[in-house]
Structures are given as structure tokens and as C-alpha cells.
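Encoded as C-alpha cells, the structure appears first; notes follow it.
The values are calculated or read from the model by the stated rules, or taken from the named source; none is laboratory data. These figures come from a predicted structure and were not determined experimentally. Virtual Cβ from ideal backbone geometry, glycine too; neighbours counted across all protein chains shown.
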Amino acid sequence: MKYGIVLWCVFCVSFSLFAQKKDSLSTIGSRDSIQQQKSAVFYKKLETTSKRSLFSKLLYQLMLEPVNPADEKKANQQIEQQLKRNFLKHQGKIIRKINITTYDPFGYSEKDTTVKPTKRLDRLGNSLHAKTKNFTVRGLTLLKENTPLDSLLVLESERLLRRRNFIRRALIQPQEITPSSDSIDLYIYVLDSWSLGVDGDISANDGEIRLREYNFFGTGHQYSTAYKKDFENSENIGFTLGYKARNIYNSYINAEVSRDVETDQSYLNIIRLNRTFYSPYTRWAGEISLQKKRSYEDFYQESGDSINRTPIKTQGHNIWGGYAIPLASRTEKGDLPTNFILAARYAQTEFLEKPSKNVDSVAFFSNQNIKLGSAGIRQVNYLRDRYIFRNGDIEDIGVGHSYFLHAGVQSQNGENNLYIGTDLTLTNYFSDFGYLAANLQYGSYFKGGKASQSLVKLQSTYFTPIFTLGNWYLRQFVKTNMTVGINRKEIIKDRLDLSGYNGIYGFDTQRIRGTRKFVFNFQTQSYVPFSWLGFRMSPFIAFDVGFIGEEPDPFFKNDSYTRVGFGFLISNDYFVFENIKLSFSFFPNIPGEGQNIMRFNGNYDNLFRLDEYDYREPHILEFR
């Protein structure tokens with residue numbers, strides 16, 4: 001525990017030692033201009049070479065655009081100038097009209113309306129794409145006609161548009177009517193992403209192919225389908241069907257229905273109606289949902305050194321609502337509102353199938369209902385940067401703080417248990433230092449005045465400012481996770497492991513468990529200066545080390561396990577899909593599997609997610 005306190009103190013002191021970094025787009029822009037000059041020379045040579053044969057000319061026209069370095073330099077200057085907009089002289093003017101223009105994903109620019117697609121493949125792709133409807137864009141913004149212009153609402157509306165994965169870029173420009181007019185027009189330019197995604201997974205045992213549309217006919221609605229096949233038993237098949245109606249009647253209310261069936265016939269059915277605290281300007285949020293689930297839990301039996309696979313079937317519902325009270329609507333610094341948030345929740349889970357008493361002697365899997373409330377303060381602002389999880393597109397980074405207290409009653413096994421939890425988050429972006437976030441959580445039940453099933457979590461995420469190696473950009477990412485459980489139940493499912501997002505990537509074993517762990521994740525990520533049809537393969541190297549064990553052993557004398565890895569992060573500038581991570585990993589030791597193990601993995605996991613201050617309903621802290 002003392003290590004967590006030391007880390008937390010160091011983090012808090014750091015906030016007072018470093019000045020906040022306001023925006024790094026301008027510094028990246030100057031580097032981009034140099035890189036573009038070099039790239040222009042390369043592609044001009046390629047264009048000249050392609051004219052030597054009919055085949056190479058056809059291939060070039062299909063895949064690449066002609067290069068004019070002068071136009072490229074001019075476009076880059078326009079981009080940088082438009083990003084430095086000054087709304088001061090327009091502040092408070094009445095918005096007379098909002099004009100919306102959406103662009104297909106290929107060959108267009110939201111910042112330069114004169115740019116048109118020239119490649120045949122661009123024109124073909126655009127003809128198969130349904131552009132985002134104007135009413136969809138209008139419903140996602142916080143701007144209304146015949147209201148005073150507020151620059152914070154403009155920038156927040158841009159962020160809300162960029163947050164939709166079917167929108168690649170967004171820009172809102174004020175247009176003066178006359179120098180003496182007290183009104184103004186706004187022009188919203190949106191560049192779409194290709195919203196139809198096809199992907200899948202395959203192994204020696206099974207396979208899956210998925211089809212997802214993130215912007216159904218330009219409405220912002222989403223549907224997903226999938227087909228799954230067990231290669232060892234051809235009769236075992238699975239599927240996914242789901243539809244999500246987003247922002248119904250411009251209310252930011254979402255409706256979702258889905259059914260997901262695995263090849264072993266485990267499934268998850270969901271019906272949900274929800275609204276989130278999507279912005280600091282949001283006043284209310286809530287959810288009503290129904291869920292039915294069947295899964296299989298693996299219980300490791302130490303006596304026989306075997307895995308007992310047990311079916312578990314549950315059904316339940318979840319209802320919660322919250323309201324945000326602005327404490328400060330606007331500060332001298334022009335910050336977004338600080339909110340005091342109150343929320344209440346009722347949730348019930350019923351077990352239709354569960355493990356026998358021989359497996360679950362402590363009744364861990366039992367019917368329960370929870371009644372929780374929470375209160376807290378959230379203050380968040382957003383900075384802009386590039387080259388974090390995407391190549392060149394603007395990304396919004398949440399910085400600020402939040403403090404929440406959760407309290408309520410859990411009813412289970414005929415007992416009413418008091419629960420109290422806290423959640424503290426601090427994030428900032430420091431000049432010449434980078435992004436740093438820390439999150440401290442505590443939760444515990446209280447029975448007869450004594451704490452039980454207590455849990456302490458301390459997590460941090462850091463990445464450096466961008467640095468260059470020739471034409472390449474690089475960042476260093478670091479993540480730490482400390483989890484300590486106290487007085488946990490005597491069942492294997494109430495223990496920690498080193499797998500998943502909070503552990504070591506690719507380290508999957510049931511034989512290593514404990515009540516506390518400490519994990520370090522390091523990754524050096526590059527951003528390649530070239531692409532093919534929008535696809536980029538950016539190399540990375542990674543190193544993970546994790547400690548896991550139980551009291552009374554000293555923390556760092558618990559068993560430790562490591563991973564060394566390298567691979568490629570595959571992304572696309574135009575398509576909507578999560579980055580694909582292809583990695584080769586070396587594990588010196590995985591208990592139960594052997595030593596000096598090499599593994600290849602391909603998935604969509606991202607270990608270095610940033611805290612976007614998405615509000616989570618009153619909840620019981622999970623032990624994982």
C-alpha cells in the first residue's frame with residue numbers, strides 16, 4: 001500500500017511543477033510541412049516513373065493522386081490558419097443561419113472546399129458511400145439558430161462530431177454577414193469515414209466474420225452482424241445481430257437491441273435505452289436495460305490440476321438516473337462548466353443456472369439486488385493533439401479532475417450489506433513532459449461494522465510528447481496498475497489474474513491467482529509517414545512485467561512474470577474500424593504451459609486508453 005501512496009504523492013506534486021500544455025498542433029504542423037516537401041519529391045518521382053508503361057500508369061491512377069507541391073504547401077498553410085480561429089470578434093452575435101456540408105471519405109477535405117477526388121478508386125468508393133445527413137450533423141451539435149454565438153459551444157460541438165467514429169474530421173467556421181451586422185452565419189464542414197466495416201478472427205479451432213455499419217444511410221444508426229464457425233464440430237455455429245438507434249430525435253437518447261450467440265451456445269441478449277453525460281453541458285442522463293446471459297466459467301481445481309467448466313445463466317435489469325448541477329458555467333480562463341452530479345441506481349441479477357455448492361461453497365454466484373447513490377464533482381476541458389491513436393487526425397484529450405462517492409446497499413443471501421466506494425481522477429497535459437493521468441479507487445462492504453471484500457486500485461497512464469526520427473513520429477506509452485484486495489472470499493473467482501486489459505497482453509492462464517497485483521506496461525509506438533490505400537502499418541515494441549501474490553509476502557517479492565513483444569499497429573485513414581494489433585511475444589514463463597514461449601496474436605485490444613471522463617453510473621468496484 002505504501003507504494004501506491006508514494007506514487008500518488010509524486011503525481012500530485014507533478015501537477016504543481018509543470019505548466020499545462022495548451023495545444024501541440026502548431027508544432028506538429030511545422031514538422032508536417034517539412035515532411036510534405038520530402039514526400040512531394042518522392043511521389044513526383046513515382047508519378048513520372050508510372051508513365052513508362054500502360055499497366056503502371058493505370059495502377060498509379062487507381063491508387064495515388066498527382067502531386068503538386070505548391071498546392072500541398074498552400075493547403076497546409078490554410079489548415080494551420082483555420083485551426084487558429086479567433087471567435088473573439090464574433091462572440092455574442094446572433095447565429096442567423098447554420099449551413100452544413102458533408103463530404104464523402106475519399107479525396108475531399110473539410111478544410112479546403114476546392115479539393116476534389118482525382119483517383120478512380122476514390123470516386124468508386126464515394127459512389128458506394130451514403131454521406132452523413134445534414135439533420136444528423138445538426139442534431140449532434142450544441143448550436144442553434146437565433147441564439148448568441150458562444151465559442152465554447154462551437155469547439156465542444158466540433159469535439160462531439162469528431163467523437164462519432166463515422167466522422168473523421170469536423171470544422172465549424174463563422175462567416176461575417178456585414179462588418180456592422182449583429183448577426184453571423186456558421187458553416188459546418190464534415191468529412192466522413194467509410195462507415196461499413198468487415199473484419200474477422202480465425203484460428204485452428206474456430207473462425208468469425210463480422211459486418212458492421214456505423215452510419216446506416218447517413219443517420220448515425222449502427223447495425224452489426226456476425227457469423228461464427230467451430231471447425232472441430234461443424235454443427236456448432238454462432239451469430240450476432242444488433243441494431244443501435246443513436247440520438248433519437250436529436251435527444252442524445254440511444255436505443256439498442258442485440259443478440260450474440262457463441263459456437264458453444266453461450267449468449268448475451270440486451271435491450272437498452274440510455275442517455276449519457278456526453279458533454280459538460282449535459283444536464284441529465286440515465287438508462288433502462290434488460291439483459292439475459294448464458295456463459296461458461298472455468299474453475300481451476302488444484303487438487304486434480306484440472307479445469308472444471310461450469311455453465312452460468314443470469315437475467316437482470318438495470319435502472320439509473322442522474323442530474324448535473326453547474327457550479328461554474330464559465331471562468332475567466334474560458335473553461336467548460338464544472339458540474340456537481342447526483343445519481344441513483346437500482347439493479348437486479350437473478351441466477352437461473354449456477355455452480356453447485358461443491359464448486360461455490362461461499363455462494364459467490366447468488367441472486368442480488370443493489371440500491372446505490374453517488375455524488376461528486378467533475379471538471380473537464382479538452383485539448384487537441386495528433387499522432388496518439390490515429391495518424392494525423394485531430395484527437396481530443398480530456399484534462400481535469402473528478403471526485404465521486406458511491407454508497408448504498410447490496411442485498412444477497414438474505415443479508416443487506418452496506419457498500420461505500422470512492423473514485424478520484426486527475427489528468428493533465430504538461431508542456432515538454434506529456435500526458436499524465438492517475439485514478440485512485442476504493443470500495444468495501446461493511447458487515448457488522450467490519451470491512452469485508454475491500455478493494456484498492458491505483459492506475460496511471462502516461463505518454464510522452466511527440467518526437468521524431470527522420471520522417472517518422474514516435475511516442476512512449478507507460479501504464480501502471482496496482483490492485484489490492486483485502487478480506488476477499490475463499491473462491492477462485494474472487495481472485496486476480498494477469499490476463500486482459502489490466503494485466504499482461506497475451507498472458508492467459510488459470511494457474512496464477514492472487515489477491516493483489518502490480519503491472520507495468522511499456523510500449524514505444526511509431527507513426528509511419530507513408531500509407532497504401534489509407535492503410536498504415538506502424539511498428540511498435542513493448543515490455544510488460546507483472547507481480548501477483550497474496551499476503552503476507554512483501555509486494556515486490558511476489559511472483560513476477562514478463563513479456564517482450566514487437567509488432568505492427570494496422571490502421572486506416574478512411575475506414576471505421578479499431579486499430580488491428582499484430583504482435584509477436586516472448587514469455588520466459590507461463591505456469592501450466594511452459595517456458596520460453598513464443599506467441600503470435602492479432603486483435604483490437606488497446607492497452608493505453610485515455611480517461612475521457614465518461615461518467616459511469618453508481619457502481620460496485622470490480623475486483624480484476
task = Test each condition in (1) farther than 30 Å from residue 569 by Cβ; (2) touching an Asp or Glu at 6+ places or on another chain (Cβ under 7 Å) for residue 384 and report the one that comes out false.
result = (1)
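For region 403-424, which positions are within 30 Å of residue 524 (Cβ to Cβ) and at pLDDT below 95?
The first filter runs over region 403-424 and keeps only residues within 30 Å of residue 524 (Cβ to Cβ), leaving 424.
Once the filter is applied, which keeps residues that are within 30 Å of residue 524 (Cβ to Cβ) and at pLDDT below 95, region 403-424 yields nothing.
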message = Condition first: within 28 Å of residue 359 (Cβ to Cβ), buried (at least 16 other Cβ atoms within 10 Å of the Cβ) and of a type outside the set (Val, Ile, Thr). Can you find one or more residues in region 478-488 that meet it?
response = yes
note = Only one of (1) part of a strand (DSSP E or B); (2) surrounded by 16 or more Cβ atoms within 10 Å (Cβ to Cβ) does not apply to residue 220, and that is (1)
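Could you grab me the full set of residues in region 551-568 that are out of contact with any Leu (no Cβ under 8 Å at 6 or more places or on another chain) and either of a type in the set (A, V, I, L, M, F, W, C) or assigned to a loop (DSSP other than H, G, I, E, B) (or both)?
Pass one, region 551-568, residues out of contact with any Leu (no Cβ under 8 Å at 6 or more places or on another chain): 551-560, 562-566.
551, 552, 553, 554, 555, 556, 558, 564, 566 - these are the residues of region 551-568 that are out of contact with any Leu (no Cβ under 8 Å at 6 or more places or on another chain) and either of a type in the set (A, V, I, L, M, F, W, C) or assigned to a loop (DSSP other than H, G, I, E, B) (or both).
Could you grab me the full set of residues in region 539-567 that are modelled with pLDDT under 90 and either in the same structural domain as residue 169 (by TED's automatic domain parsing) or not acidic (Asp, Glu) (or both)?
Of the residues in region 539-567, the ones modelled with pLDDT under 90 are 549-560.
Result: 549, 552, 554, 555, 556, 557, 558, 560.
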inquiry  = Suppose we keep only residues that are buried (at least 18 other Cβ atoms within 10 Å of the Cβ) and among the hydroxyl-bearing types (Ser, Thr, Tyr) within region 425-453. Which one would you say is modelled with the lowest pLDDT?
reply    = 429
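Select from region 288-308 the residues that are modelled with pLDDT under 85 and in contact with a strand residue (DSSP E or B) (Cβ under 9 Å, 6 or more places away or on another chain) and list them in ascending order. It would help to see each step written out before you state the result.
In the first step, residues of region 288-308 are kept if they are modelled with pLDDT under 85; the result is 297-308.
Result: 297, 298, 299, 300, 301, 306, 307, 308.
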query = Among (1) of a type in the set (A, V, I, L, M); (2) in a strand (DSSP E or B); (3) buried (at least 17 other Cβ atoms within 10 Å of the Cβ), where does residue 418 come up short?
reply = (3)
ask   = Which of the residues belonging to region 599-610 are at pLDDT below 75 and either aliphatic (A, V, I, L, M) or surrounded by 13 or more Cβ atoms within 10 Å (Cβ to Cβ) (or both)?
value = 602, 603, 605, 606, 607
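Are there strands (runs of 3 or more DSSP E) fully within region 116-210 with at least 1 residues that are surrounded by fewer than 20 Cβ atoms within 10 Å (Cβ to Cβ), among the small types (Gly, Ala, Ser) and in contact (Cβ under 8 Å) with a residue 12 or more places away in the chain? List them. Lay out the reasoning, then the answer.
Values: elements: 167-176, 183-192, 196-202.
Answer list for region 116-210: 183-192, 196-202.
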request  = Using the structure shown, decide if residue 547 is farther than 30 Å from residue 169 by Cβ, without any contact (Cβ under 8 Å) to a residue 40 or more places away in the chain and over 23 Å from the mean Cα position of the chain (by Cα).
outcome  = yes
request  = List every residue pair whose Cβ atoms sit under 9 Å apart, with the two residues 6 or more apart in sequence or on different chains, where the first one lies in region 454-475 and is buried (at least 20 other Cβ atoms within 10 Å of the Cβ) and the second, anywhere, is acidic (Asp, Glu).
outcome  = 455/622; 461/611
